[in-house]
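Okay, structure first, notes after.
The values are calculated or read from the model by the stated rules, or taken from the named source; none is laboratory data. Quick caveat, the model's predicted, so the values are computed rather than measured. Methodologically, a virtual Cβ is constructed for each residue, glycine included, from the backbone with ideal geometry; neighbour enumeration extends over all protein chains shown. Please note that ligands, DNA and RNA were not included when accessible areas were found on the heavy atoms of the full protein model with its side chains. Shrake-Rupley method; radii C 1.70, N 1.55, O 1.52, S 1.80 Å.
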Amino acid sequence: MPDDMVIGAGAYGMLVALELARLGRQVQVLEAGSVACGASGGPGRRGVRANGRDLRELPLMRQAYRRWPVLEEELGGQGFYQRTGHLLLLERDDDLASADARVQMQRSQGIDCRLVAGAELAEIQTGLSQDIKAGIYCAKDGVCDHGGFTRAVADRARKLGVVVQEDTEISHFETHGDSVTAVITAKGESIAFSGNLFVLANSGAHDLVKTAFNLQLPVWNACLQVMITEPFGRIHVDTLLGHVHRMVSIKAEPDNRLMISGGWHGAWDVTGQRGSVLPSAVEGNLAQAIAVFPELQGVEVAKTDADHLEAMSVDDIPIIDRVPGIANGYVATGWSGHGWAIAPVVATLIVKWALSGERSELLAPFTLKRFGIN
Ligand SMILES: Cc1cc2nc3c(=O)[nH]c(=O)nc-3n(C[C@H](O)[C@H](O)[C@H](O)COP(=O)(O)OP(=O)(O)OC[C@H]3O[C@@H](n4cnc5c(N)ncnc54)[C@H](O)[C@@H]3O)c2cc1C
């Protein structure tokens, strides 16, 4: 019988499983689909950025800056994680007026950043629209090949004895007193464990926790759109780019392609469990990218995707907590489109909490208590 049970084989599930295995625990991971089939998979890269992040997540991000290069090294230096810098673009006078305050706030949290304009801005990124007046630059920010990384963590975890069982949807839990003792699969099989339960099912967490514990988490699911362009030699992008008011984020992809995203949503088919892009969202996202790089006018889109659900929370920061009334059950979800960058740190802190009984103060902003749920 395993010590600990993890539901979900995305980045969170696999990082938690790896951490537990390193500490000598027997771990089983149960995944409805396959490793990295959810938000931790799909085309493009994920931003690993502190720039523009919610104040409450910045202490986690400060630690994540240290953790990412170490993890990259531990996984064999395959180039999943790269430090590229992040430039948060400013266009409107109002946003310029707020720039010093934003820089000051981030620096107060130990995030190294500065306001750049003119020649310095052009040196960091060429080809920007003349309307872009300045940018806030965080040199330590970067990107990660999320699917490759998650699968590599899964491989490493398996080598340490973690059992990763795919095609196994969990629909319920068995409890005795205040502890969960077994998970029940959608096919009715009961799988017992003796230690902790980690519900790291992201978009599946809401329904699972509601059915099993009658607990309604204030989260919902969104399928976020991503586009990959055809090779486009006219612009060279080295930096991760975001924008203070435009819904656009641009990342470099191999072969001179660009990844364009920025919070546009597709449509989710509940029956088929698939997402599809909406032509209006593709057009809208492209228009925002062209407003940043006028040279992008006429760029061909090679691939679009909205097939990877992410759980969003009402206050735009995640829920990371022990399930109320359950001594050995932990849930983390509601990443709101920016859960990737902090994953290695959050995974370590959840494991520490479960094994020591002591919650790090860094996790205090993310409890259910903030919604009046105890
Ligand atoms: C398009 C897109 C762009 C993003 N960009 C960024 C970014 O630039 N920077 C950033 O920091 N973050 C970003 N994010 C967010 C980040 O990718 C996610 O927060 C992170 O990957 C979540 O990891 P996870 O392991 O919690 O979830 P997932 O990877 O979704 O894993 C959860 C797993 O649980 C499984 N599951 C669900 N229900 C059940 C069940 N009942 N039984 C068994 N298994 C179940 C699912 O199949 C899934 O594999 C983005 C997300 C998306 C979708």
Compute the convex hull volume of the Cα atoms of the range 193-276, divide it by the residue count, and report the result per residue in Å³ as a whole number. 195 Å³
Please compute the Cα-Cα pair-distance distribution of the range 228-309 with 10 Å bins starting at 0, giving whole percents from short to long. 17, 51, 26, 6, 0
Quick one: which residues, 5 or more positions from Glu174 or on another chain, have an amide H under 5 Å from its amide H? H modelled 1.01 Å from N in the peptide plane, none for Pro or chain starts. Thr181, Ala182, Val183, Ile184
Which value in nm describes the separation of the simple spin-label points at Ala364 and Met105, placed 7 Å from the Cα toward the beta carbon? 2.0 nm
Return, ordered by residue number, the residues of the range 116-154 whose backbone nitrogen is under 16 Å from a label point located 7 Å along Cα→Cβ of Leu96. 116-122, 129-136
May I ask for the Kirkwood hydrodynamic radius of the chain, worked out over all distinct Cα pairs and given in angstroms to one decimal? 21.3 Å
Between the range 83-132 and the range 158-206, what is the C-alpha centre distance in whole Å? 44 Å
Whole-Hz Karplus ³J(HN,Hα) for the range 108-125, in order, using 6.51 cos²θ - 1.76 cosθ + 1.60 and θ = phi - 60°, x for Gly and Pro? 4, 9, x, 9, 6, 7, 8, 8, 10, 8, x, 5, 5, 5, 5, 5, 6, 8
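Quote the relative contact order of the range 64-193 in percent (integer), defining contacts as alpha-carbon pairs under 8 Å separated by 6+ residues.
Working: 149 pairs, mean separation 31.2, N = 130.
Averaging sequence separation for qualifying contacts and normalising by length gives 24 percent for the range 64-193.
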With a 1.4 Å probe and every protein chain left in place, tell me how much accessible area Asp54 has, in Å² to the nearest 10. 40 Å²
For His243, the residues 5 or more places away or on another chain with a placed amide H closer than 5 Å to its own amide H are Leu89, Val248
Give me a comma-separated list of calculated 3J(HN,Hα) values for the range 329-343, in order, Karplus coefficients 6.51, -1.76, 1.60 applied at θ = phi - 60°, integers in Hz, x for any Gly or Pro. x, 10, 9, 9, 6, x, 5, 6, x, 9, x, 5, 4, 9, 4
Relative intensity, log₁₀ I(q)/I(0), of the range 71-215 from a Debye sum that treats every alpha carbon as a point, q = 0.09, 0.22 Å⁻¹: -0.56, -1.29
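Rounded to the nearest whole Å², what accessible area per residue is found for the range 227-374 with the 1.4 Å probe? Mind dumping the intermediate values first?
Working: 6060 Å² over 148 residues.
On a per-residue basis, the range 227-374 sits at 41 Å².
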Rounded to whole Å and sorted largest first, what semi-axes of the equivalent ellipsoid does the C-alpha gyration tensor of the range 136-202 yield via the square root of 5 times each eigenvalue? 33, 16, 12
How large is the charge dipole for the chain, taken about the Cα centre, if only the Cβ atoms of Lys, Arg (+1) and Asp, Glu (-1) carry charge, to the nearest 20 debye? 740 debye
Please give the residues of the range 30-53, grouped as numeric ranges, whose backbone N is less than 13 Å from a label point set 7 Å along the Cα-to-Cβ vector of Asp316. 52-53
With all protein chains present, the range 263-374 has a carbon and sulfur share of its accessible area (1.4 Å probe) in percent of 51 percent
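Provide the three semi-axes, in whole Å and in decreasing order, of the ellipsoid equivalent to the range 1-89 as defined by the square roots of 5 times the Cα gyration tensor eigenvalues.
On the way: eigenvalues 142, 49, 40 Å².
The three semi-axes for the range 1-89 are 27, 16, 14 Å.
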Placing one equal point scatterer on each C-alpha of the range 279-348 and summing with Debye, one gets log10 I(q)/I(0) at q = 0.19, 0.21 Å⁻¹ equal to -0.90, -0.98
